[in-house]
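Below is one structure; the comments refer to it alone.
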């Protein structure tokens, strides 16, 4: 397994346009999106809530350097992640960001996307340096707003609760009329959390 740094994002980075943010997330943060995702049309009612730099600031505050780390998952790692998360990975490439301020590690962030009904939702999962989920932020939602989860529901995905409690119908309450949204977001967060636990666990061995 190889891990490498590519480029850094700091407080003096040039702000990204909303279009560039979406393109960057789909082609950069995810590294590779499946062909099916690339062919999905964006809804005319799509909403982008935070540009990439705003998302990073929401994670750990201003003045934090976010350094991307890219990992090619082995077959064994991928199988373990899917077993633990009870979710299918969409790629063997995984990227996370290290957040540091004045050299001190504050935690990690992962920006990912999942198909909800027919279009994408882009979200960020923020981890403490102990790999506990401290925040889940919806960055863009390309479905009609009536299917969008509330901030209160997203908070249910936080913490170090058992993975089973993040499965809809077991530990997560439904959102009326939004079964596909609940399934898509919870699947995505479980996959991201399991990926971080497996990747960082292997890296620190």
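Here's the yes/no breakdown for (1) modelled with pLDDT under 95; (2) over 13 Å from residue 192 (Cα atoms):
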{"position": "97", "(1), (2)": "no, no"}
{"position": "101", "(1), (2)": "no, yes"}
{"position": "110", "(1), (2)": "no, no"}
{"position": "114", "(1), (2)": "yes, no"}
{"position": "120", "(1), (2)": "yes, yes"}
{"position": "126", "(1), (2)": "no, no"}
{"position": "135", "(1), (2)": "no, no"}
{"position": "146", "(1), (2)": "yes, yes"}
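Looking at 203, 150, which one is at pLDDT below 95, more than 22 Å from residue 56 (Cβ to Cβ) and surrounded by fewer than 23 Cβ atoms within 10 Å (Cβ to Cβ)? Before you say what the answer is, go through the steps one by one.
Numbers: 203 fails: more than 22 Å from residue 56 (Cβ to Cβ).
The unique qualifying residue is 150.
Being modelled with pLDDT of 75 or more and out of contact with any helix residue (DSSP H, G or I) (no Cβ under 7 Å at 6 or more places or on another chain): is that true of residue 43 here?
Here the answer is no, as residue 43 does not meet what is asked.
Is one or more of the residues making up segment 90-104 farther than 30 Å from residue 175 by Cα, under 15 Å from the mean Cα position of the chain (by Cα), buried (at least 19 other Cβ atoms within 10 Å of the Cβ) and without any contact (Cβ under 8 Å) to a residue 60 or more places away in the chain?
Yes: one or more hits.
Could you please find all residues in segment 165-205 being free of Cβ contacts under 8 Å to residues at least 12 places away in the same chain and either part of a helix (DSSP H, G or I) or within 18 Å of the chain's Cα centre (by Cα) (or both)?
165, 179, 201
The values are calculated or read from the model by the stated rules, or taken from the named source; none is laboratory data. Remember, predicted model here, so these are calculated numbers, not experimental data. All Cβ positions, glycine included, derive from the backbone under ideal geometry; neighbour counts span all protein chains shown.
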